[in-house]
Structures are given as structure tokens and as C-alpha cells.
Amino acid sequence: MGVGGDMEPDEIRWEKTRRAFFPRPAAPSAAETEAFVSRVMARLPEAEPEEARPFWAVHRWFVPALGFSCAAFAFSFLALGGESEDPAMALLLADAGGSPVVELVARPDAGTPEDVLGLDLEVR
Amino acid sequence: MTDPELVAHVLSGRREDYAELVRRHHAAVLTLCRSLLADDALADDAAQEAFLKAYRSLAGFQGGAAFGTWLYRIASNHCLDLRRRRARRPTESLDALREDDPARVERLLREPDAAGAAAEAKDLVERVLSRIPEDYRAILTLREVQGLSYQELMEVLGCTLDSVKARLRRAREALERELRHFSERENV
């Protein structure tokens, strides 16, 4: 088929390029198509639709990621749990039994910071 | 029976109905893969993979788009992935092409039908096309080989009409720019 007619020069040039660079490949025969259909259908069991499979089977990274997260969470409790103690409470409990600190806190009139500071200096 | 009806049958468990969908769209998908990959054996494998991927994600098929264009999108993405993997190999330099092929390119443009049949010309076409970006090659193939309309290109490429037109224009310009290199070399 010729190129030309009422086409603009740019269109003629592009039509030549198109025919040279984008020829339509020959269509497969009916026999080739049937052979292809058989090959695809034979492989369907290995490609079951995603919806039919559980989430963890489609996204295989999920199970190890979940395990790692749980392990990290548990480890954070074990390793850091001891440090979550209130330091003030620890001081009180450590010195329980007549220490100046306990006496200071237990005093009914030790309600202001000035009292605490003055008595603290006196003790030292 | 229409494509959406066949899809509904397959999703309801009648897997054998997928054969009819494959039968209907085999030629178009294979043609697309051959044009994008320029290798018949590779194209056949790619077409199979495209149909299997489509089957795997059939539940995600939206009836708004035609099954064919949805399938084109899967096939063209798969072929582009394959080409990107192959592109890691060193490409031929433009200078080497200029040195070797100006006369062959001119001959190809003068007699595209005769030249297109020759294996040598096919190789040359592939070498020139490999010099333009992959997405340009894809849109040109979908438009010029598959004959897709702008509307279908929008569905396959997932972009707007303006974007389709702009990409098509830039793709043509890129290919013609590559060809001008050869012509200029010939006229020196």
C-alpha cells in the first residue's frame, strides 16, 4: 500500500517510520492458539487466584516479620523492665526502718520544700 | 457470552471457562509481547505469564474497563519488566550504530514492507528501538501495532488523555530524533 494522498509531510514521514518500525506481526494460527490455551490451562493450578489463599500465604514475609516483632516486644520487657522502677520509691524502700529520709517524709509538718531542704541540711 | 460474564464464571469456580478468555485474547496479547520483546520464544513465555498473572488477580478486575485492555496492561508491564532486566546488559553505542548502519536505515525507510520481512532488518529495527526509552516504545507499540484508541491507551497506561497525547508525541519525536542521527550521518 502506498503512502501519500492528502497527508501532510510530517504525517507521510511518520507513516513511513511506522510501517518500517512497527509492522504488525503475523497472527498465530488456530492450532497455535489451541496449543497455547492448553499450556496456560495446564499451569492454572500453580496460579490460584490470590483471594482463594490466606493472607499469610500470599505475603510470605508476614509470618517471619510478625515473629520478629513479638520477639522484640518480649525482649524489651525482659531487658528494660527493671529500670522502670520509680527511683524515689526505691530510695524509700531501701532505707526503710528508721532512716532520716523516711522520718523526714513521715513527719506531719514536713509539707513544704523549705522544711525538706532545711532538715536535709541539718541531717548532713 | 461476554468477557465479564466469563470472568464471573471463573471467579465462581468454573475454572475451565478461563480457556475461552485465553482463546479470545491470545493473538492480541502475543502480538503485543512480540512487538515489545522482539523475540518470539520470549514473547510466548511472556504471554503465558501475562495470562497466569491475570488469572491470579482476576478478583481485582474492575468491570469498568474492558478485559482486553486490563490484560494489555498486565502484559505490557510484564514485558517492560523483562526488558528492564535485559537492559542491565551494556547497550550498543550510538556511534557504533552510525558507523555501521546509515545505509541500512535509509533502505529500511524506503522499503519498509520488503525490509520488514528480512531478519537483518528486524535486527536493525530492534537496535534502533532499543535506543528510545522503554515507556516510549510501549506506547508506540500499543498505538501503532495494536491500534489502541486514546481511550484504551488511557486505561492501559492509567493516565489522562492529555498525558497520553503528550507521551505519544514525545515518543514519536524521540524515535525520529534517533533516525535523524542516521540520516545526518548519511548526508555528510
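The values are calculated or read from the model by the stated rules, or taken from the named source; none is laboratory data. Source: prediction; values computed, not measured. Ideal geometry is used to build each Cβ from the backbone, glycine not excepted, and the neighbour counts take in all protein chains shown. Calculation scope for accessible area: heavy atoms of the full protein, side chains included, ligands and nucleic acids excluded. Shrake-Rupley method; radii C 1.70, N 1.55, O 1.52, S 1.80 Å.
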Can you name every residue in segment B:33-43 that is open to solvent by less than 30 Å² (accessible area, probe 1.4 Å) and within 9 Å of another protein chain (Cβ to nearest Cβ)?
B:S35, B:A43
Go through the residues of segment B:135-148 one by one and say whether even a single one is modelled with pLDDT under 80 and under 17 Å from B:L37 (Cα atoms).
no
Would you confirm whether or not segment A:46-66 contains a residue that is within 7 Å of chain B (Cβ to nearest Cβ), under 30 Å from B:S35 (Cβ atoms) and modelled with pLDDT of 70 or more?
yes
Just to check your reading of the model, which residue among B:A46, B:A54 is within 13 Å of another protein chain (Cβ to nearest Cβ), at pLDDT 90 or above, under 24 Å from B:R131 (Cα atoms) and crowded, with 18+ Cβ neighbours inside 10 Å?
B:A46
How many residues are assigned to a loop (DSSP other than H, G, I, E, B) and within 14 Å of chain A (Cβ to nearest Cβ) when one looks only at segment B:57-82?
2
Considering residues that are open to solvent by 80 Å² or more (accessible area, probe 1.4 Å), within 7 Å of another protein chain (Cβ to nearest Cβ) and over 45 Å from the mean Cα position of the chain (by Cα), the number found within segment A:8-42 is 2
Among the residues of segment B:30-46, are any under 18 Å from B:V145 (Cα atoms), outside any helix (DSSP H, G or I) and of a type outside the set (D, E)?
yes
Of the candidates B:A59, B:A66, B:A28, B:A75, the one satisfying the condition of being open to solvent by less than 70 Å² (accessible area, probe 1.4 Å), of a type in the set (A, V, I, L, M), touching a Gly at 6+ places or on another chain (Cβ under 8 Å) and touching a residue at least 40 places away in the same chain (Cβ under 8 Å) is B:A28
Identity of the residue in segment B:135-158, surrounded by 15 or more Cβ atoms within 10 Å (Cβ to Cβ) and part of a loop (DSSP other than H, G, I, E, B), that ends up farthest from the other protein chains (Cβ to nearest Cβ)
B:L148
Please enumerate the residues belonging to segment B:5-29 that are over 13 Å from the mean Cα position of the chain (by Cα), assigned to a helix (DSSP H, G or I) and more than 8 Å from chain A (Cβ to nearest Cβ).
B:E5, B:L6, B:V7, B:A8, B:H9, B:V10, B:D17, B:E20, B:L21, B:R24, B:H25
Quick one: what pairs do we get from segment B:165-188, first residue within 24 Å of B:G147 (Cβ to Cβ) and at pLDDT 85 or above, second surrounded by 17 or more Cβ atoms within 10 Å (Cβ to Cβ) and among the charged types (D, E, K, R), C-beta under 8 Å, 6+ apart or different chains?
B:L168/B:R143; B:A171/B:R137
Filter result (open to solvent by 30 Å² or more (accessible area, probe 1.4 Å) and under 19 Å from the mean Cα position of the chain (by Cα)) within segment B:162-175:
B:S163, B:K165, B:R167, B:R169, B:R170, B:R172, B:E173
